[in-house]
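**Q** Once you've had a glance at the structure underneath, I'll fire off some questions.
We did not get these values from a lab; they are worked out from the coordinates using the rules stated. All figures in this text were calculated on a predicted structure; none of them were measured in a lab. Every residue, glycine among them, receives a Cβ derived from its backbone with ideal geometry; neighbour counts consider all protein chains shown.
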Amino acid sequence: MSMAQLERKLGLWACISIVVGAVIGSAIFMKPAVMAAQVGSPITLLIVWVIAGIVSFFGGMINAEIGTILPNTGGQYVYFKHMYGDFFAFLYGWAAFIVINTAAIAAIAFVFAQYAEYFFHLPRFSPEIEKSIQLTIPGIGKLYLLEKIGVKSLAILLIIIITWINYYSIKAGAALQIFSTFLKVAALFILICFIFFSGKGSFHNFITSSAGRDTSFWGTITGFIAATSGALAAYDGWNNLGFVAGEIKNPRKNIPRGLFIGLLICILMYVLTSQAYLYVLPIDKMKNSSLVASDALAIVSGVTGGGLIALMVIISTLGAVNGNVLPCARITFAMGEQKVFTRWVGRVHPIFKTPGNALWLQCIWSCVFVLSGSFDMLTDMFVFITWIFYGFAAYGIFILRKKMPDVERTYKVGGYPFVPLIFIFFAAFYFAVTLYTDINNYLSGKTEFINSVYGLALTLAGIPIYLYYRKKYGKKNVSADA
């Protein structure tokens, strides 16, 4: 069936809510503590949030220009097809399915379930049983499938429910997104105001560094990059809007507007929230906090703080799961529709007018990731792979300027060519340092799993699959348009 059967029902508010809903999820409630331990300086921590936000905003600017000339469902998959051809587009689409989007959904759902445990106990096996079944991947590490089985089961249930809503109706999925996004932004704003107006913190915390932080050059660089990885995980999701471009009303205007307004909201909320944590938690306390948001609010409101934060995280992660489930299946759908993947996933539901098969395939693999991983493992893996393709997308804007010079661009990247060049340099630097650090930590025994290499291995596994479908359907059957 044709992709034309997907109807344009999403307006500007839906676009903004998809960006904000996909970006603001669980990371802001957990990652700041880890990031604080990695940099050891509140000033550096603030710089990390700002730089990661600016770089993400540069990425949004790049995607906005590309999205206005290629406003089709499939997002970066469609972009890469025009930039680099069928093979690279497939490799991205495969990575999006096998690593990027499904790991993101799994990671956010995992945190939803963890915080739900504040209100009711979720069962788990004894440590002996949890370690009894392990999946060993040679040269990469071990996965324990039975760990936190109650948390994993609830996370899987959430993914299934959200998938069903979006399978049944895109309007229902969009309505849930707008509502949950409003709730999460309002909740974060209340949290920020509540902490700052409590008077129970100190602005001195904003300039006091940890006594034991590593001040060596290499220690500073690796700590900064590791913390930036956490911040980029928190900002990730801004590109999701392009995945549903074929279902957006007036996409040439609403795509750039939705990206810019949505990202500005996210940057503002992240910087203010991180500073609110620091206001009541000195950097040494912050870095040792397992649930930094709960600990910060507990200082202000006592024992009730934990419950309030848990409720906020549940609301936030609910919207973030929906913000990823709703658009991300459109990539797999586009691949199936163009016969570079199984055609079954490229079918539109005859009644609901949704990419139903692609949604359920995405659901199944996301649930597998829930069983195999944890929040930190999943976020580190999908962010690493995501930024490889972000770098190629930024370079691709130079290609499209040459290949499609006469196409109307209702928006052009400001600061061209410097903005995409800065973005490309950052992506390359992040790739190199992250890969080196991950492998070095594994070899030195600091970690049991190489997240970046695992993500690369899953991505490269798509090469024989591409060759199979290319042979099965033939190049002449693969459409050049999305």
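**Q** With axes computed from alpha carbons, what is the tilt in degrees of helix 375-403 against the longest principal axis of the chain, rounded to the nearest 10 within 0 to 90?
**A** 40
**Q** Find which of 53, 182, 464 sits farthest along the positive direction of the dipole of the chain, computed with +1 on the beta-carbon of Lys and Arg, -1 on that of Asp and Glu, about the Cα centre.
**A** 464
**Q** Then there is this: Using 0.36 nm per residue, how much length does the chain from residue 131 to residue 175 gain when fully extended, once their Cα-Cα distance is taken away?
**A** Working: separation 44, 0.36 × 44 = 15.84 nm, distance 4.18 nm.
Stretched fully, the residue 131-residue 175 segment lengthens by 11.7 nm.
**Q** Also, quick follow-up: Helix-derived [θ] at 222 nm for the chain: sum -39500 (n - 2.57) over DSSP H runs of at least 4, divide by residue count, nearest 500? Provide the component values of the computation, followed by the final result.
**A** Values: 19 runs with 330 residues, N = 482.
That comes out to -23000 deg cm²/dmol.
**Q** Describe numerically, in nm with one decimal, the distance between label points set 7 Å from Cα along Cα→Cβ at residue 421 and at residue 121.
**A** 6.2
**Q** Using only Cα atoms, find the angle between the long axis of helix 170-196 and the longest principal axis of the chain, and express it within 0 to 90 degrees, rounded to the nearest 10.
**A** That helix lies at roughly 20 degrees to the long axis.
**Q** Loop-only chymotrypsin sites (Phe, Trp or Tyr not before Pro) in the stretch 407-450, please: DSSP not H, G, I, E or B, and at most 11 other Cβ atoms within 10 Å.
**A** Within the stretch 407-450, no chymotrypsin sites (Phe, Trp or Tyr not before Pro) qualify (loop, at most 11 other Cβ atoms within 10 Å).
**Q** State, to one decimal in nm², a quarter of the convex hull surface area for the C-alpha atoms of the chain, i.e. the direction-averaged projected area.
**A** Values: hull surface 88.1 nm².
Computing the convex hull of the Cα atoms and averaging its projections yields 22.0 nm².
**Q** Could you give the angle, 0 to 90 degrees to the nearest 10, between helix 217-235's Cα long axis and the longest principal axis of the Cα atoms of the chain?
**A** 60
**Q** Between residue 257 and residue 194, what length in nm is gained on full extension when 0.36 nm per residue of separation is reduced by their alpha carbon distance?
**A** This chain segment gains 19.6 nm when fully extended.
**Q** How many Å³ per residue does the convex hull of the Cα positions in the stretch 294-350 occupy?
**A** Once divided by residue count, the hull of the stretch 294-350 is 97 Å³.
**Q** No solvent, one uniform scatterer per C-alpha: report log10 I(q)/I(0) for the stretch 74-172 via the Debye equation at q = 0.10, 0.11, 0.12, 0.18 1/Å, two decimals.
**A** Debye output, listed in q order: -0.44, -0.53, -0.61, -1.00.
**Q** Given H placed on each backbone N at 1.01 Å, which residues far from residue 143 in sequence or on other chains put an amide H within less than 5 Å of it?
**A** Amide H neighbours of residue 143, under 5 Å, 5+ apart: 135, 136, 137.
**Q** Which residues does a label at residue 446 reach in the stretch 220-243, if reach means a backbone N under 14 Å from a point 7 Å past the Cα toward the Cβ?
**A** Backbone N within reach: 220-229.
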